[in-house]
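Here is the structure we will look at, set down as structure tokens.
Every number in this text was worked out from the coordinates using simple rules, so none of it is lab data. These figures come from a predicted structure and were not determined experimentally. Cβ atoms come from the backbone with ideal geometry, glycine included; neighbour counts cover every protein chain shown.
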Amino acid sequence: MQIGIDSFAATENLDSNKKKNAKSIDELIDRIVKADQVGLDVFGVGEHHRKEFLDSAPHVILAAAAAKTKNIILTSAVTVLSASDPVRVFQNYATLDLISKGRAEIVAGRGSFTEAFELFGYSLKDYDELFEEKLELLIEIQNNETVNWRGDHRPPLMNQTIFPRPIQDPLPIWVGIGGTPQSFLRAGKLGLPLMIAVIGGETHRFKPLVDMYREAGRRAGHSPEKLKVGLHSLGYVAENSKKAVEDYFPGYAKTFTRIGKERGWPPVTLERFKAQNGPSGALMIGSPDEIAEKITRHSKALGGISRFTFQMDNAELTHHQLQKAIGLIGEKIKPQFN
């Protein structure tokens, strides 16, 4: 199983202080370097278009990290494909693949926020149609240097050659999913690996959907080896469970209470947090051994997973705390899955 980190380049600075933002980006790149040094397999950077995140151009951050790392896979987490041009997405990550000497990947999804639609001139009423059409085009470019394609939301491509081409053939494309059954079916039919974002509730509730994905892939003629399943969860590791919760909970409660006001969620409480951090809950906050056991438990509940990534920078943790957690994950959790 691959073990890694996902980041949304979160910043506490909501006043656009340029020097503080530059420091936040520097520290994020330092964390990617740290993850590479301690032997983690993958580091992903998300895409958002909000003032509390600095990841509106994740491929640029990943390219900066590529020049300072040697082995770690560098991926989006996720690329908001519905509001992007698949040609540019492919070119950006093919270029990253060249810079990193074959370590780039794309996780294509629709994102959990909707600001990108209005920002780039798309309508939310086309939410599903946009993603399906653009994923189709991205796969066409992945598989063919010269493309002939026609859709409803972009001018057609007739005998257009897309450059540059990546080192990897094909450039890996995963589908990032939150929980829609149709999305699981689509990924299975296409034979694309699946990255499931589980940020609340109990992880085992996704088992019927994972089974649906694998069955759809089997019926479409794809081998089990192609139908990989990854899990992205909110997590943080410290020397012991008590310290992990003490470090993580205050910032987590602040962040998700703020987001909850937008989405109609109740304020975060410690009791609800502890319930979701229990044996079957989605939160992965604890000591290295506790979290390694929980990853194994979640993998068994879903019929086996190929990748697990921690999303840690949503709780206003310091750079030092995040660096230390990455070290513990690399030194004490990753070896248990080699």
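The angle separating the long axis of helix 288-301 from the principal Cα axis of greatest extent in the chain is about 40 degrees. Between His204 and Gln160, the simple label model (points 7 Å from Cα in the Cβ direction) yields a spacing of 4.8 nm.
A Gaussian network model of the chain, with springs between Cα atoms under 10 Å, assigns the largest mean-square fluctuation among Ser241, Ser76, Ser123 to Ser123. Among beta bridges identified by DSSP and lying wholly in region 180-294, the antiparallel ones come to about 10 percent.
Considering only Glu290, Glu316, Glu145, the mean-square fluctuation computed in a Gaussian network model of the chain, springs between alpha carbons under 10 angstrom, is largest for Glu145. Please build a GNM for the chain, connecting alpha carbons under 10 Å apart, and tell me which residue among Gln182, Gln142, Gln91 fluctuates the most. Ranking Gln182, Gln142, Gln91 by mean-square fluctuation puts Gln182 first. Of the beta bridges in region 1-124, as assigned by DSSP with both residues counted there, near 10 percent are antiparallel. May I ask for the angle, rounded to the nearest 10°, between helix 127-143 and the longest principal axis of the chain, with both axes built from Cα atoms and the value confined to 0 to 90°? The angle comes out at about 70 degrees. Sequence-ordered 3J(HN,Hα) estimates for region 47-60 from the Karplus curve with 6.51, -1.76 and 1.60 and θ = phi - 60° stand at 9, 9, 10, 10, 5, 8, 10, 10, 10, 5, 10, x, 5, 6 Hz, glycine and proline given as x. Each residue in Tyr127, Tyr122 was given a count of other beta-carbon atoms within 10 angstrom of its own, and listing them fewest first yields Tyr127, Tyr122. Centre-to-centre, using Cα atoms only, region 189-265 and region 39-106 are separated by 20 Å. By the count of neighbouring beta-carbon atoms within 10 Å, fewest first, Trp149, Trp174, Trp265 end up ordered Trp265, Trp149, Trp174. For region 1-157, the square roots a ≥ b ≥ c of the C-alpha gyration tensor eigenvalues yield an a/c of 1.5 or more together with a/b not exceeding b/c, which makes the shape oblate. Taking amide H as placed 1.01 Å from N in the peptide plane, Ile285 has its amide H under 5 Å from the amide H of Tyr236, each at least 5 places away in sequence or on another chain.
Which entries in Lys51/Lys300; Lys23/Lys68; Lys68/Lys226 show an alpha-carbon gap greater than 28 Å? Distance filter (> 28 Å) returns Lys51/Lys300; Lys68/Lys226. Rounded to the nearest 10 degrees, the inclination of helix 319-328 to the longest alpha-carbon principal axis of the chain is 90 degrees. Under the criterion of Cα pairs below 8 Å and six or more residues apart, the relative contact order for the chain equals 19 percent. Relative to its Kirkwood radius, the Cα radius of gyration of the chain gives an Rg/Rh of 0.95.
Candidates Leu130, Ser241, Ala22 compared by Cα position along the dipole of the chain: farthest toward the positive end lies Ser241, with charges placed on Cβ. With contacts taken as Cα pairs under 8 Å and at least 6 residues apart, region 81-135 reaches a relative contact order of 53 percent. With contacts taken as Cα pairs under 8 Å and at least 6 residues apart, region 137-213 reaches a relative contact order of 22 percent.
If you take the beta carbon distance between Lys23 and Phe337 as r and set R0 to 30 Å, what does 1/(1 + (r/R0)^6) give as a FRET efficiency, to the nearest 0.05? Walk me through the numbers on the way to the answer.
Details: r = 33 Å, r/R0 = 1.10.
Step by step, r from the Cβ atoms, then E = 0.35.
Please order Arg258, Arg103, Arg110 by the number of other Cβ within 10 Å, starting at the fewest. Don't jump to the answer; show the numbers that get you there.
Details: Arg258 12, Arg103 23, Arg110 26.
With the fewest neighbours first, Arg258, Arg103, Arg110 line up as Arg258, Arg103, Arg110.
Database remark: amide H of Thr309 closer than 5 angstrom to the amide H of Gly4, Leu231, His232, Ser233 (H placed geometrically; neighbours at sequence offset of 5 or more, or on other chains; Pro and chain starts carry no H). Here the chain is treated with +1 on each Lys and Arg Cβ and -1 on each Asp and Glu Cβ, and its dipole about the Cα centre works out to around 440 debye.
Overall, the anisotropy analysis places region 221-338 in the oblate class: the square-rooted eigenvalues a ≥ b ≥ c of its C-alpha gyration tensor yield a/c not less than 1.5, with a/b not exceeding b/c. Based on DSSP, what percent of beta bridges with both residues in the chain are antiparallel, to the nearest 5? So the antiparallel bridges amount to about 10 percent of the total.
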